[in-house]
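*Asks:* For reference, the structure I am asking about is given below.
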Amino acid sequence: MTPNWLLYRESFLGGLSVQGLSPPGMLGFTVPIRLGGHSHYWGATLPEQGIPATLPDALDARMDAGQDHLIALMRLDWLRSQVDPLTALAMERCAGARLLPATPRGRRILGAWLRRLLNRLHADPRVMGYPAAVAALESELLEALLRTLCLAAPRSLLDGATRRRRGFDLAIDHVRAADLAGLSVAALCAQVEISQRTLEYAFRERLGTSPMEFIRRLRLHAARRALLATPRGGATVAQIAMTFGFYQLGRFSADYRSLFGELPSATLARQGVYTGANLLG
């Protein structure tokens, strides 16, 4: 871990489901080493071409037995300070579409380089105590990624795209600090001083969904955490749903089941089983 990067390797002997939020303010990507037979991100299998990536968003992944990969997270504000606006825009748009463009060969080369880098740092961690060395390491990580990617960014899109990017970033910051139960898209637009149409385009570009659906998804995750944390004999499904602004209970149950694969009543039946640490993912 450096001030602007986080890099680590994961492998799985058994299957694992992961649901939660990717880290705020960071672009993350996965470099596969060995694919699990049924591993997927957001319901899709890992493609042979490209590098699976994400901007800050809800995370939904299934790691099958045998999966082995590298995870890298890079601060978005640092990225924007290191490359030209068109390159940053292109990278963020691709990450928003959940795939950084790269050839299979380029991905293999990047994975091998990152593994060697991790092995060197584990063998001699003293380098991390020297600021100049850390800064050089961060620059090499970015350069290796840029060499791997096949980016294209039309210059004519810069002005409008920049407005959408800034509006999106402000909106995400506000959403993270807001009371989700009472948050509306109109109120969000007023808070960040952006039109609803522009915000809609920004969310479609970056996350592939609407602002309303994104907020609803976050509220569903909050409701799930509350259901898992409710002590036996505590609140009912209806009480928890309404606490988070879901007044159509039938739709809440259907949306909940679609996202998590079970009814909210089934989640509530596991009351008291999960610890605080389990609820972070």
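*Asks:* Taking the stretch 79-101 only, how many residues are outside any helix (DSSP H, G or I) and open to solvent by 10 Å² or more (accessible area, probe 1.4 Å)?
*Replies:* 6
*Asks:* Applying the selection to the stretch 193-206, what residues are part of a loop (DSSP other than H, G, I, E, B) and surrounded by 15 or more Cβ atoms within 10 Å (Cβ to Cβ)?
*Replies:* Residue satisfying the conditions is 194 alone.
*Asks:* Return yes when residue 145 is surrounded by 15 or more Cβ atoms within 10 Å (Cβ to Cβ), assigned to a helix (DSSP H, G or I) and in contact with a His (Cβ under 9 Å, 6 or more places away or on another chain) and no when it is not.
*Replies:* In short, no.
*Asks:* Among the residues of the stretch 166-189, write down those that are of a type outside the set (A, V, I, L, M) and either assigned to a helix (DSSP H, G or I) or at positive phi (or both).
*Replies:* Result: 166, 167, 168, 169, 173, 174, 176, 182, 189.
*Asks:* If you don't mind, there's one more thing I want to ask. Based on what the data block shows, is residue 16 open to solvent by 50 Å² or more (accessible area, probe 1.4 Å), touching a residue at least 12 places away in the same chain (Cβ under 8 Å), touching a helix residue (DSSP H, G or I) at 6+ places or on another chain (Cβ under 8 Å) and among the aliphatic types (A, V, I, L, M)?
*Replies:* For residue 16, the condition - open to solvent by 50 Å² or more (accessible area, probe 1.4 Å), touching a residue at least 12 places away in the same chain (Cβ under 8 Å), touching a helix residue (DSSP H, G or I) at 6+ places or on another chain (Cβ under 8 Å) and among the aliphatic types (A, V, I, L, M) - is not met.
*Asks:* What number of residues within the stretch 3-29 satisfy the criterion of being touching a Leu at 6+ places or on another chain (Cβ under 7 Å) and modelled with pLDDT of 90 or more?
*Replies:* Going through the stretch 3-29 one residue at a time, the tally reaches 9.
*Asks:* Please list, ordered by first then second residue, the pairs with beta carbon atoms under 8 Å, 6 or more apart or interchain, first in the stretch 57-68 and over 26 Å from residue 175 (Cβ atoms) and touching a residue at least 60 places away in the same chain (Cβ under 8 Å), second assigned to a strand (DSSP E or B) and open to solvent by less than 10 Å² (accessible area, probe 1.4 Å).
*Replies:* none
Per-residue answers, yes or no, for (1) over 16 Å from residue 58 (Cβ atoms); (2) modelled with pLDDT under 85:
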{"site": "214", "(1), (2)": "no, no"}
{"site": "217", "(1), (2)": "no, no"}
{"site": "228", "(1), (2)": "yes, no"}
{"site": "233", "(1), (2)": "yes, yes"}
{"site": "246", "(1), (2)": "yes, yes"}
{"site": "253", "(1), (2)": "yes, no"}
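*Asks:* Has the stretch 2-10 got at least one residue that is surrounded by 17 or more Cβ atoms within 10 Å (Cβ to Cβ), more than 15 Å from residue 138 (Cα to Cα) and touching a residue at least 12 places away in the same chain (Cβ under 8 Å)?
*Replies:* For the stretch 2-10, residues surrounded by 17 or more Cβ atoms within 10 Å (Cβ to Cβ), more than 15 Å from residue 138 (Cα to Cα) and touching a residue at least 12 places away in the same chain (Cβ under 8 Å): absent.
*Asks:* Which one of 135, 152 is at pLDDT below 85, small (Gly, Ala, Ser) and part of a loop (DSSP other than H, G, I, E, B)?
*Replies:* Of 135, 152, the one residue that is at pLDDT below 85, small (Gly, Ala, Ser) and part of a loop (DSSP other than H, G, I, E, B) is 152.
*Asks:* So residue 163 ticks every box in (1) in a helix (DSSP H, G or I); (2) surrounded by 15 or more Cβ atoms within 10 Å (Cβ to Cβ); (3) touching a Gly at 6+ places or on another chain (Cβ under 9 Å) but one. Which box is left unticked?
*Replies:* Result: residue 163 fails condition (3) only.
Condition check ((1) charged (D, E, K, R); (2) farther than 25 Å from residue 87 by Cβ; (3) free of Cβ contacts under 8 Å to residues at least 60 places away in the same chain; (4) open to solvent by less than 40 Å² (accessible area, probe 1.4 Å)) across all residues:
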position	(1), (2), (3), (4)
168	no, no, yes, yes
181	no, yes, no, yes
191	no, yes, yes, no
208	no, no, no, no
213	yes, yes, yes, no
221	no, yes, no, yes
225	yes, yes, yes, no
232	yes, yes, yes, no
236	no, yes, yes, no
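*Asks:* Among the residues of the stretch 57-83, which ones are under 12 Å from the mean Cα position of the chain (by Cα) and farther than 15 Å from residue 100 by Cα?
*Replies:* Of everything in the stretch 57-83, those that are under 12 Å from the mean Cα position of the chain (by Cα) and farther than 15 Å from residue 100 by Cα turn out to be 57, 58, 59, 60, 61.
*Asks:* Now, a different point. Of the numbered conditions (1) touching a helix residue (DSSP H, G or I) at 6+ places or on another chain (Cβ under 7 Å); (2) open to solvent by 50 Å² or more (accessible area, probe 1.4 Å); (3) of a type in the set (D, E, K, R), residue 105 fails exactly one; give the number of that condition.
*Replies:* (1)
*Asks:* Restricting attention to strands (runs of 3 or more DSSP E) lying wholly within the stretch 24-78, give those where 2 or more residues are touching a His at 6+ places or on another chain (Cβ under 8 Å) and crowded, with 19+ Cβ neighbours inside 10 Å.
*Replies:* Hits in the stretch 24-78: 26-34.
The values are calculated or read from the model by the stated rules, or taken from the named source; none is laboratory data. Note that the structure is predicted; figures quoted are calculated from it, not measured. All Cβ positions, glycine included, derive from the backbone under ideal geometry; neighbour counts span all protein chains shown. Accessible surface is based on the protein model in full, side chains and every heavy atom, while ligands, DNA and RNA are left aside. Shrake-Rupley method; radii C 1.70, N 1.55, O 1.52, S 1.80 Å.
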